[in-house]
Amino acid sequence: MKKLSCILTVVIITITSCTNKTLDEKTAIELIKKEYQYPRILDYDIYRSDPEHARKVLNSGLEEKGMVTVQRTQKLKDI
């Protein structure tokens with residue numbers, strides 16, 4: 001009887017531990033957003049008075065993708 005209960009316990013543990021839990025893409029994205037608060041918005045001011053640098057950023061397409069904002073006018077406080 002003891003042998004049967006040991007075998008039965010081992011079989012039950014094996015069956016319950018071998019279940020395949022899959023993680024789909026939607027659930028993974030929700031878990032990442034919940035755990036790490038993504039996407040984060042980072043804001044840095046980079047001062048470049050040279051119009052050539054601003055032109056390079058504009059030509060690279062970063063402003064159209066929403067990664068960079070280029071101020072086309074210079075304020076008196078920025079001088």
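The values are calculated or read from the model by the stated rules, or taken from the named source; none is laboratory data. Model, not experiment: these values are computed from the prediction. Backbone-built Cβ (ideal geometry, glycine too); neighbour counts: all protein chains shown. Note: accessible area is taken over every heavy atom of the protein model, side chains too, but ligands, DNA and RNA are not part of it. Shrake-Rupley method; radii C 1.70, N 1.55, O 1.52, S 1.80 Å.
Tabulated results
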read-out: Top-ranked residue in segment 19-28 [being assigned to a helix (DSSP H, G or I) and open to solvent by less than 100 Å² (accessible area, probe 1.4 Å); ranked as farthest from Met67 (Cα to Cα)]; value: Thr27
read-out: Answer residue from segment 34-44, given it is closer than 25 Å to Val68 by Cβ and among the charged types (D, E, K, R) and is modelled with the highest pLDDT among those; value: Arg40
read-out: Unmet requirement for Leu31, which otherwise passes all of (1) open to solvent by less than 100 Å² (accessible area, probe 1.4 Å); (2) within 19 Å of the chain's Cα centre (by Cα); (3) at pLDDT below 85; value: (3)
